[in-house]
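Below you'll find the structure, written out as structure tokens, and then a few comments.
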Amino acid sequence: MSPTNRTVVVTGIGATTPLGGDSASTWEALLAGRSGVSRLEQDWATDLPVQIAAQIAVEPGEVLPRPLARKLDRSAQFALIAAREAWADAGFTAKAGEDPAVDPDRLGTVVASGIGGVTTLLGQYDILKEQGVRKVSPHTVPMLMPNSPSANVGIEVNARAGVHTPVSACASGAEAIGYAIEMIRTGRADVVVAGGTEAAIHPLPIVAFGNMMAMSKNNEDPQGASRPYDSGRDGFVLGEGAGVIILESEEHAAARGARIYCEAVGQGISADAHHITQPEPSGRGIAAALTNLLQNSDLKPAEIVHVNAHATSTPQGDVAEIKALRQVFGDDVDHMAISATKSMTGHLLGGAGGIETVATVLALYHRIAPPTINLDDQDPEADADIVRAEARPLPEGTIAALNDSFGFGGHNVVLALRSWSR
Amino acid sequence: MAATKEEIVSGLADIVNEIAGIPQEDVKLDKSFTDDLDVDSLSMVEVVVAAEEQFGVKIPDDDVKNLKTVGNAVDYILAAQA
């Protein structure tokens, strides 16, 4: 293949999520249909309209040394933990250069966040008001800047081919992985650490999203609050965490004898140009992204057996996505097992594309689709085969899966992965 | 009441431990903050602010660049207390 059209594969995964401190525990919980949502017990949550969230299962302070953790925003802490797991999972034993299997000049990072270091920004403003100028941390700027997770991961692994941070709200994590695929496909890098992270569980984002009428207010039943495709859905539940994968050119992975999880076939991207927050109701923009994916890759609709849907549990968004799948794939949608893992993880905003790509990689690798919990009464407008209460085996042979992510601003990103048998 | 030299060294050792994770016993007069104690320029600002608070002194930004070693800082604080 020419350097501009190289095959890209996934060789490592890592995550820290509301379901577990790594990808294995997260995957186990996803297959078991466990919810990561709970009631917020913090004092600041007492009088808020929304008092639920999917909080991280393992606090980063339990994993990272204190001197390092105190210089990183929570979003960068999550990203670093997930990236370290993915890096080791890919078989690398030290940073690039020290491990001769990776050339630092051929290694990149693309780790995104939707909001960036929002708890640092707000926390330091509180310190400025309450304690004065001198007490504002000199680390504030490098902690709050949205490229901080990508930059810190880049320093950790010694990535010199480029460190990037696409920002597209809740599509950020998926856009990061798409960008990474292109870096390898076009020959800019051989290995890229890519994913998404978010840490926005703080009263201001919760109140702000709540005032948009975007969040579930089902405080009485936290574990039942995130219910994609169910007639009773009333908005998303905010989650936090990170998911990171290692992408690699096929030849680079083969040369070092790496374990290959799956192929990263490509991406489809479009924009709605419709409304800053509302999804275009017919699904036109999402359909354009799906069409773009088919036009720019060798993916065949007949191969697609699984979709990790964006499905955040909002009344409009969940249905628009299904309509778009129908528009583009027609009856082929009938052989797609559709899973909404946000029913368990909550919505990680810019982290969603990261952890959901990890879930999609594992679904193909283990040939099993995770369930969608809380789906008691399926919205008739969601005309598709949603995997309900129990995980479902996926077929033998060559199979492919999609991971959809859409964001405020009208961003539509669809990633395609395919089983690997070579 | 002014702190003694020993109290200042001990106080700085606690501060450096908190900020950079270096064991207190490694924080000695001849050690360089940057080269020996893992205190970069940003973390040095934190060390200075913590030292100002603990020892009741003012260390202007222009003087911070002269505090290369723990000994420099101890001498500065001793003089500033006087």
Q: Place a +1 charge on the Cβ of each Lys and Arg in chain A and a -1 charge on the Cβ of each Asp and Glu, then give the dipole magnitude about the Cα centre in debye, rounded to the nearest 20.
A: 1080
Q: State the Cα centre-to-centre distance between the range A:351-417 and the range A:237-273 in whole Å.
A: 15
Q: Sort A:Glu248, B:Glu52, A:Glu220 so the one with the fewest other Cβ atoms within 10 Å of its own Cβ comes first.
A: A:Glu220, B:Glu52, A:Glu248
Q. Could you put A:Ile56, A:Ile399, A:Ile13 in order, starting from the residue whose Cβ has the fewest other Cβ atoms within 10 Å?
A. A:Ile399, A:Ile56, A:Ile13
(Q) Quick check: net charge around B:Glu53, other residues with Cβ under 13 Å of its Cβ, Lys/Arg +1 and Asp/Glu -1? (A) -1
Q. Using modelled backbone amide H atoms (1.01 Å from N, in-plane), which distant-in-sequence or interchain residues come within less than 5 Å of A:Arg388's amide H?
A. A:Thr372
Q | When each of A:Lys95/A:Lys300; A:Lys129/B:Lys31; B:Lys28/B:Lys58 is checked by Cα-Cα distance, pairs over 31 Å | A | A:Lys95/A:Lys300; A:Lys129/B:Lys31
Q: Rank by packing, highest mean first: peptides A:171-180, A:58-67, A:147-156, with packing defined as the count of other Cβ atoms within 10 Å averaged across residues.
A: A:171-180, A:147-156, A:58-67
(Q) Apply the a/c threshold of 1.5 to the C-alpha gyration tensor of the protein assembly as shown and tell me whether it is rounded, prolate or oblate. (A) prolate
Q: Using Cα pairs closer than 8 Å and at least 6 residues apart in sequence, work out the relative contact order for the range B:5-81, in percent.
A: 35
Q) How big is the antiparallel share of DSSP beta bridges in the protein assembly as shown, given as a percent to the nearest 5? A) 65
Q) Which residues does a label at A:Asp105 reach in the range A:143-158, if reach means a backbone N under 18 Å from a point 7 Å past the Cα toward the Cβ? A) A:158
Q. Does the range B:5-81 come out rounded, prolate or oblate by the C-alpha gyration tensor, with a ≥ b ≥ c the root eigenvalues, rounded set by a/c under 1.5 and, if not, prolate when a/b is larger than b/c and oblate if not?
A. rounded
Q.
Just to check I understand the Karplus step: with θ = phi - 60° and J = 6.51 cos²θ - 1.76 cosθ + 1.60, what whole-Hz values come out for the range A:240-251, glycine and proline as x?
A. 9, x, 8, x, 9, 10, 9, 9, 8, 5, 4, 5
(Q) How shielded is A:322-328 by partner chains, expressed as the average number of their Cβ atoms within 10 Å of its Cβ atoms? (A) 0
Q.
Test of understanding: extend the Cα→C-beta vector of A:Asp221 to 7 Å, then name every residue of the range A:362-382 with backbone N under 17 Å from that spot.
A. A:372-379
Q. Separation of the range A:274-290 and the range A:83-153 by C-alpha centroid, Å?
A. 32
Q) Which helices count as membrane-span-like in chain A under these terms: full DSSP H, at least 20 Å along the axis by C-alpha, Kyte-Doolittle mean of -1.0 or more? A) A:74-89, A:315-329, A:352-366
Q: Within 10 Å of each Cβ in peptide A:58-66, how many partner chain Cβ atoms are there on average? Round it to a whole number, please.
A: 1
Q. What ranking do B:17-24, A:225-232 get when scored by the average of other Cβ atoms within 10 Å per residue, highest first?
A. A:225-232, B:17-24
Q. Averaged across the residues of B:37-47, what count of C-beta atoms belonging to other chains lies within 10 Å of each residue's C-beta?
A. 3
Q: Just need the relative contact order of the range A:24-142 here, percent rounded to a whole number, with Cα pairs under 8 Å and 6+ apart.
A: 15
Q: Output the antiparallel fraction of DSSP beta bridges having both residues in the range A:143-251, as a percent to the nearest 5.
A: 90
Q: Quick one: which residues, 5+ away or cross-chain, put their amide H under 5 Å from the amide H of A:Gly162? H built at 1.01 Å from N.
A: A:Thr109
Q. What is the range A:8-256's relative contact order, in percent, from Cα pairs under 8 angstrom and six or more apart in sequence?
A. 31
(Q) For the range B:31-82 and the range A:3-50, what is the centre-to-centre distance using only Cα atoms, to the nearest Å? (A) 42
Q.
How would the range A:266-419 be classified by its alpha-carbon gyration tensor: rounded, prolate or oblate, with rounded meaning a/c under 1.5 and the a/b versus b/c comparison settling the rest?
A. rounded
Q) Could the peptides A:342-348, A:4-10, A:353-359, B:27-33 be put in order, highest first, of the mean number of other beta-carbon atoms found within 10 Å of their residues? A) A:353-359, A:342-348, A:4-10, B:27-33
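Computed from the coordinates by the stated procedures, all read-outs in this text should not be read as laboratory data. What you are looking at is a predicted structure, and each value in this text was computed from that prediction instead of being measured. So basically every Cβ, Gly included, is an ideal-geometry build from the backbone, and we count neighbours across all protein chains shown.
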